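What follows is one structure encoded as structure tokens, with my remarks underneath.
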Amino acid sequence: MTHGLDQPAGPDISREESALRASSIRRDEGVDAFQALQRVLYRSAKQDPERRFHALYDKLTRRDVMWRAWVDVATNQGAPGVDGVSIASIEEGGVEVVRAFLDDLAAEVEAGTYRPKPLRRVNIPKPGQPGKTRPLSIPVVRDRVIMAAAKSILEPIFEADFLPCSFGFRPKHSTHQALEVVRTTANRGMVWVLDADISDCFGSLSFDAIVSQVERRVSDRKMLKLIRAWLRVGVLENGVVTDSISGAPQGSPVSPLIANIVLHVLDKAWSEIGHGLGVLVRYCDDFVVLAPTRAKAVEAKARIEAILETLGLRLHPDKTRISCLSQGQDGFVFLGFEHRMRESKKWRGRWYLYKWPSPRAMSSIRDKVRRRTDKRLAKLPLEVVVEDLNPVLRGWAAYFCHGNSAEQFSAIDSYVHLRLAILASKKYGLHGRNWASRFTYDWLSGLGVYHLSGKVRYWAASA
């Protein structure tokens, strides 16, 4: 009798019984077959923390799993890989072509002939850091689909283990939940902050560390072989394929999950040794520890460095620092927000943690506004320019509206007004800086520009 993915802790059960359980979940909870599969995996893993799953590989090619993986990949879009095949080129053939593409890919996986292709290396600009780039490794579309399918099978198993201090790239978790924990923790007196930066986290993860942590829960040899193949596939850059010797490719659908699986070692160790030292808040490879004293923050740093060393990781010596928030002495940047304590206007002598868009976030949105209001666009109707600009403003505001961003929102509104006025002057052949009287706020509103001012709201834990 096998220990398939549908079996609970305890006595073995047949596949027929497993199917009945999944069917029962669908019937009782009103979910589809794909969601039922994920819930069976999660509950089985939750019931037995020591359980290892060995019947996973064959679930990759289920039609509902493959289709959901395709939807995820197509929604994220992304550039073509080394084969030049784009998502759009597959989609333009219609649903039948997509189905045929998925069926052919599933057949390769089932036959054991599937092999991942090398990753295409590109360097993309770092937001808010002119002239600086970060490497991105782009898998081909077919590899992204299988990776997304594997993620959908593996994620519920490891979600059963993940701890509350982890927020990044997890279902029903968000950056704003992490930020709220930071705010409330600092307001309770944890005013010393270890602001940590892991040097090249994705690129430095040890292959052995990755595989050993996946093996805690997965004993399916074919699935493990597939993961090893993705890790070791080479990177194509300037026409040369370089073998990978460490790391998870930053840019693949499965990499954030792999990072969380490995960094769960840190979370678990901290849950055992961190009591009294401070509160860990982690968003994938970005984390902070809030401590009551400098001595405990220093000790927290030493403990974390020792844990990360076992995973092939280290803290960046120049970007990791310890700050004191007390009475606004220092601040720190976390998840795009600058955090600093301010004295309450209502209750003098009381200090609370405030947050607003960081200088890098402000620089990033200005860059995006500048590109979308470039003078070369003067030949276009202004309404078309605004139509392209508004989604950027709306998305940025939706993220940064939580907190104390009113001043920054007003500054961006003014910048947008200035840029559109300059563009209009160019369009109509006007000269001089007279747009304050010529291109007024009413003129700006008439174009339908999205205004950030007035959109700030405080984050509520129940939201």
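Read the figures in this text as sums done on the coordinates, not as results from a lab. Note that the structure is predicted; figures quoted are calculated from it, not measured. Virtual Cβ from ideal backbone geometry, glycine too; neighbours counted across all protein chains shown.
Between their Cα atoms, which of Lys59/Lys222; Lys126/Lys301; Lys151/Lys301 are more than 20 Å away from each other?
Exceeds cut-off: Lys126/Lys301; Lys151/Lys301.
How large is ³J(HN,Hα) for each residue in the range 273-287, as worked out from phi by the Karplus curve 6.51 cos²θ - 1.76 cosθ + 1.60 (θ = phi - 60°), to whole Hz, x for Gly and Pro?
Going residue by residue, I get 10, x, 4, x, 8, x, 10, 8, 10, 10, 10, 6, 8, 10, 8 Hz, with x marking Gly and Pro.
Once amide H atoms are placed 1.01 Å from N in the peptide plane, what residues at a sequence separation of 5 or more from Val218, or on another chain, have their amide H within under 5 Å of its amide H?
For Val218, whose amide H was placed from the backbone, the distant partners under 5 Å are Phe53.
In whole Hz, with x marking every Gly and Pro, tabulate ³J(HN,Hα) for the range 396-401 from phi via Karplus 6.51 cos²θ - 1.76 cosθ + 1.60, θ = phi - 60°.
5, 5, 4, 7, 8, 5
Can you find, among Ala149, Gly251, Ala100, the residue sitting farthest towards the positive end of the charge dipole of the chain, where Lys and Arg contribute +1 and Asp and Glu -1 at Cβ?
Gly251
Can I get the semi-axes of the range 60-190's equivalent ellipsoid? Compute them from the C-alpha gyration tensor as square roots of 5 times the eigenvalues, in angstrom, largest first.
Taking √(5λ) for each Cα gyration eigenvalue gives 34, 21, 13 Å.
Check cross-link reach from Lys427 to the lysines: straight Cα distance under 24 Å, and skip same-chain residues fewer than eight apart.
Straight-distance partners of Lys427: Lys368, Lys375, Lys379.
Evaluate the range 388-430: find the radius of gyration of its Cα atoms, find its Kirkwood radius, and give the ratio Rg to Rh.
Value, to two decimals: 1.11.
Can you tell me which aspartates and glutamates have their Cα less than 14 Å from the Cα of Lys426? Leave out same-chain residues fewer than eight positions away.
Cross-link targets: Asp374.
What does the C-alpha gyration tensor say about the overall shape of the range 178-245? Classify as rounded when a/c is under 1.5, otherwise prolate if a/b is larger than b/c, or oblate.
Since a/c reaches 1.5 but b/c is at least a/b, the shape of the range 178-245 is classed as oblate.
So which lysines pass the test for Lys355, namely a Cα distance under 19 Å, with those fewer than 8 places away in the same chain ruled out?
Within the straight-line limit of under 19 Å, Lys355 reaches these lysines: Lys345, Lys346, Lys455.
Gly274's amide H: which non-local residues (gap 5+, or another chain) put their own amide H closer than 5 Å, with H modeled 1.01 Å from N in plane and none for Pro or chain starts?
Correct list: empty.
Give the long-range amide H neighbours of Leu205: residues separated by 5 or more places, or on another chain, with amide H under 5 Å away, using H modelled in the peptide plane at 1.01 Å from N.
Hits under the 5 Å cutoff: Gly247, Ala248.
Would you kindly derive the ³J(HN,Hα) couplings of the range 107-123 from the backbone phi angles with the Karplus curve 6.51 cos²θ - 1.76 cosθ + 1.60 (θ = phi - 60°), listing them in order in whole Hz, with x for Gly and Pro?
These are the phi-based 3J(HN,Hα) values: 5, 4, 5, 5, 7, x, 9, 5, 9, x, 8, x, 7, 8, 8, 10, 10 Hz.
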